[in-house]
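Below is one structure, written out as structure tokens; comments come after it.
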Amino acid sequence: MKKVKNTLVGLCVLGSASAFAADWYAKDNLQPGHDPTMIRYEDGYALMTTNNQLSLWTSEDAYNWKAHGKTMTKFPQWIYTYAPSMEDVWAPDLYVMNGEFRAYYCGSVFGKRTSAIGYTASKSIVPGTEGYGWQDRGHVFHTVATDKYNAIDPDVIKTSKGEFWMAFGSFGLGIQLIKLDPTTGLQANDDKTVYNIARRTSSASGGAEEGPSLIEHNGQYFLFTAWDKCCQQGANIEQTTYKTAYGRADQITGPYKDRAGYNMATGGGTIVLERYGRYVGPGGGEPFQDLNRVRFVHHYYDNAGDKYNHIHIRDIVFTDDNWAEMGQPFLGRYLSAEAEHGVMTRAVSGDLAVTRGTKASGNEYVGYVNTKGSNIHLPMNIMQAGDYLLRYRYANGGTGVATHSVTVNGKAQEVKLPATGAWGEFPETSVVMIPAKLKRGGNFIDVSPVPNGENFAELDRIDFLRIIRDTIPGNGFDNGIRIRLNEKDELAMKDGGYALFENVVTDSIKSTVVSIQVKNGSGKLALRAGSKSGAVLSECDLSAAKADENGWSVAECSEMKAQKGVQDFFLTASGVSGEVFVGNIMFKAPKPVEPESSSSEEVDSSSSEEAESSNSECNPDVDECSGTAIHTAVMPRSARYTVTRMGDAYSVQLNSTSFHQVYLLNSMGQIVAVRNVRGAMAGSEVRFENLPKGNFIVKVK
């Protein structure tokens, strides 16, 4: 009996390499701002920050921002009653209440508790549209110099019970909470209590806690606060010690406890974000609900760049037991993880070194992935459950094969990383593909070295490629505009809207026949390649949809040309009246597809026993071979190459000099590994070793 290790090996490409051209490399957009607040609206995002008279930015994609200037051209006179020498308003919080957009803000005398909170409102958030125009609504709450807490840094939350609350405060007694009247936006009359929900008790900290923000998730409330010293930048950047801590509660008024069970009102708090690499002082942030995920916007200071403030937007990734972890900063793509933004656990000092390099995505990568016990933890939100390929970009400048352990949601596999010829360089060919099953929602990837003599590898990034065979669920989108998830978790689209589905592996799609499940159908839906205005792959006339099961109708779409490689798909809506609800996007032929005549029985490597030999077949016209069980049989003489298998290794002997590449494919037709053999002599051997259990096909071109 011989066990086959769950191990992967080899460099590989998938379809067209151009799908992963250098413009996919991450780039930080360096949007400036302190104490940011963001809100999702139908056509994108709105952003405000502090100390700029409530300046406003909007964006369709949360990456490219358009500045609209100051919304508060002069300060309201009422606020000087409470903060007589106020110079600017701070820490705004955007929220939708009573059918309008409201921006809560505070004014204060710096370093004192003579402070007040007010709000201004507009019917529209987009300048130049109907209803846009901010009107100040006046005083909400204030403190005086003798108070033990401070009326700054407001943050509003609506609970699942329909109540509105506002957290605020800093230093002294820390963070407070009051109830709001949703109609007036002012403090509610039915509950005047000021609840103390968080307080730093350590004398060393000086009570440094501020910038509260709240979100509800799965019936529990999460309180995020900023700890320690903020806002030292430029030449003083090293003095900044800002970080983000949180706790959760079953009731909005607390108690909020951290992951160790300590009450935040008596000094507790789990650190969820702090300085790493060149990213100093990540804090002053707030969570907000996006279309299908919770995100967290915060500021940081770039210690390797201008040393001044910028913002990051991250996913909050929730564990199965509903604790929060911080995901990647959003750098333009949802299904990508930059190694340098992972949570590092170092077994020795100097291990897992975040390194600058112009040939790496984001100009950074993780080097010295060397020591047993070191780990890179990467929380990821994935919106579509199913089979994925993890496109693992690495560099191995040594001469031998390195090994990493890659654990996905607790399931580990060892990954062999052959030499790439250089350190700190990550070309498109410097990848391996790692198969994985991912959940909808929070997924957790851990990377650790498996020491193997002097053989090591650096890690740049991981792309998550969704393997599509016959279905893309409509609710598995990554983002879009004029769309939402309804109460039944269905994708709802309005006219002019689109839904983005990143990183679709098109090679595995079984059929070019396309149909879409819809409800309330009118107008047209189009599946496009690469962008919202990209080439139409298939178009569907919803007026011709035919009734199906469970209240759905099915719209038959134009046939799609066969696709290759990895693409972003965009589903666009036009001519839609009201909303159309989208179920599944289906790629299915009207009848089962017969296997191609050139295909032969596949190799089954799931058996743990070795057979002495068995017959196999090759088709020399299409240069494709496969066999049964574990075999050593020589292929027919008419074949231009022969395949031999012993244990977990394949040997391909080339009987011709005309070949350029040898591919190893899985049963879905996905490329697992590839070898370049241009110029090889007849009789040359190519080997594939340490393969996982499964069915494989050898193909030569």
### Query
Of these, Gly172, Gly185, which one is of a type outside the set (S, T, N, Q) and modelled with pLDDT under 95?
Gly172
### Task
Return yes or no: is Ser213 open to solvent by less than 10 Å² (accessible area, probe 1.4 Å), among the polar types (S, T, N, Q) and in contact (Cβ under 8 Å) with a residue 24 or more places away in the chain?
yes
#### Entry: Answer from Ala337, Ala347 - the residue that is surrounded by fewer than 21 Cβ atoms within 10 Å (Cβ to Cβ), touching a residue at least 12 places away in the same chain (Cβ under 8 Å) and either part of a loop (DSSP other than H, G, I, E, B) or touching a strand residue (DSSP E or B) at 6+ places or on another chain (Cβ under 9 Å) (or both)
Ala347
### Message
Just the residues that are more than 23 Å from the chain's Cα centre (by Cα) and over 13 Å from Phe587 (Cα atoms), please, taken from segment 488-509.
### Response
Lys488, Lys494, Asp495, Gly496
## Note on the structure
Within segment 513-536, the residues that are among the hydroxyl-bearing types (Ser, Thr, Tyr) and modelled with pLDDT of 95 or more are Ser515, Ser531, Ser533
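Here's the yes/no breakdown for (1) buried (at least 19 other Cβ atoms within 10 Å of the Cβ); (2) on the phi > 0 side of the Ramachandran plot:
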residue	(1), (2)
Gly172	no, yes
Cys231	no, yes
Gln239	no, no
Tyr242	yes, no
### Query
Is it true that Lys488 is modelled with pLDDT under 95, among the charged types (D, E, K, R) and either touching a His at 6+ places or on another chain (Cβ under 8 Å) or open to solvent by 20 Å² or more (accessible area, probe 1.4 Å) (or both)?
yes
### Message
I need the strands (runs of 3 or more DSSP E) fully contained in segment 1-99, keeping only those with at least 1 residues that are charged (D, E, K, R) and at pLDDT 85 or above.
### Response
37-41, 66-70, 89-97
### Message
Would you confirm whether or not segment 308-319 contains a residue that is modelled with pLDDT under 95, farther than 20 Å from Ala62 by Cβ and out of contact with any helix residue (DSSP H, G or I) (no Cβ under 8 Å at 6 or more places or on another chain)?
### Response
no
## Note on the structure
Among residues of segment 40-64 being surrounded by 20 or more Cβ atoms within 10 Å (Cβ to Cβ) and among the aromatic types (Phe, Trp, Tyr), the residue farthest from the chain's Cα centre (by Cα) is Trp57
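From Phe501, Phe570, which residue is of a type outside the set (A, V, I, L, M), open to solvent by less than 40 Å² (accessible area, probe 1.4 Å), closer than 30 Å to Trp24 by Cα and touching a helix residue (DSSP H, G or I) at 6+ places or on another chain (Cβ under 8 Å)?
Exactly one of Phe501, Phe570 is of a type outside the set (A, V, I, L, M), open to solvent by less than 40 Å² (accessible area, probe 1.4 Å), closer than 30 Å to Trp24 by Cα and touching a helix residue (DSSP H, G or I) at 6+ places or on another chain (Cβ under 8 Å), namely Phe501.
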### Query
Taking segment 65-89 as the search range and keeping residues that are surrounded by fewer than 19 Cβ atoms within 10 Å (Cβ to Cβ) and among the hydroxyl-bearing types (Ser, Thr, Tyr), which one is farthest from Asp28 (Cα to Cα)?
Thr81
### Query
Here are Val431, Val415, Val408: which of them is crowded, with 21+ Cβ neighbours inside 10 Å, touching a Cys at 6+ places or on another chain (Cβ under 8 Å) and closer than 19 Å to Ile376 by Cβ?
Val431
### Summary
Considering segment 141-169, residues that are among the charged types (D, E, K, R) and more than 19 Å from Ile79 (Cβ to Cβ), and then whichever is surrounded by the fewest Cβ atoms within 10 Å (Cβ to Cβ), we arrive at Lys161
### Output for segment 510-552, where each listed residue is assigned to a strand (DSSP E or B) and more than 32 Å from the chain's Cα centre (by Cα)
Asp541, Lys546, Ala547
#### Entry: Yes/no for Glu274 being of a type in the set (Asp, Glu) and either free of Cβ contacts under 8 Å to residues at least 60 places away in the same chain or closer than 18 Å to Ser202 by Cα (or both)
yes
### Summary
Per the filter on segment 109-118, residues surrounded by fewer than 18 Cβ atoms within 10 Å (Cβ to Cβ), in contact (Cβ under 8 Å) with a residue 24 or more places away in the chain and either among the hydrophobic types (A, V, I, L, M, F, W, C) or on the phi > 0 side of the Ramachandran plot (or both) are Val109
### Message
Checking the structure you have, find out if any residue of segment 102-123 is under 21 Å from Phe75 (Cβ atoms), in a loop (DSSP other than H, G, I, E, B), under 34 Å from the mean Cα position of the chain (by Cα) and of a type outside the set (D, E, K, R).
### Response
no
### Message
Anything in segment 480-520 that is closer than 13 Å to Glu42 by Cβ and of a type outside the set (Gly, Ala, Ser)? List them, or say none.
### Response
Ile481, Arg482, Ile483, Arg484, Met493, Lys494, Asp495, Tyr498
#### Entry: Candidates Ser558, Ser515, Ser511 - the one that is over 12 Å from Gly583 (Cα atoms) and open to solvent by less than 50 Å² (accessible area, probe 1.4 Å)
Ser511
### Message
Any residue in segment 119-135 that is basic (Lys, Arg) sitting within a Cβ distance under 8 Å of a residue that is assigned to a loop (DSSP other than H, G, I, E, B)? List the pairs, counting only those 6 or more apart or interchain.
### Response
Lys123/Gly99; Lys123/Glu130; Lys123/Gly131; Lys123/Tyr132; Lys123/Gly133
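The values are calculated or read from the model by the stated rules, or taken from the named source; none is laboratory data. All values reported here derive from a predicted model rather than from experimental measurement. Because the Cβ atoms are built from the backbone with ideal geometry, glycine has one as well, and the counts that use them run over all protein chains shown. In case anyone asks, the SASA skips ligands and DNA or RNA and just uses the protein heavy atoms, side chains included. Shrake-Rupley method; radii C 1.70, N 1.55, O 1.52, S 1.80 Å.
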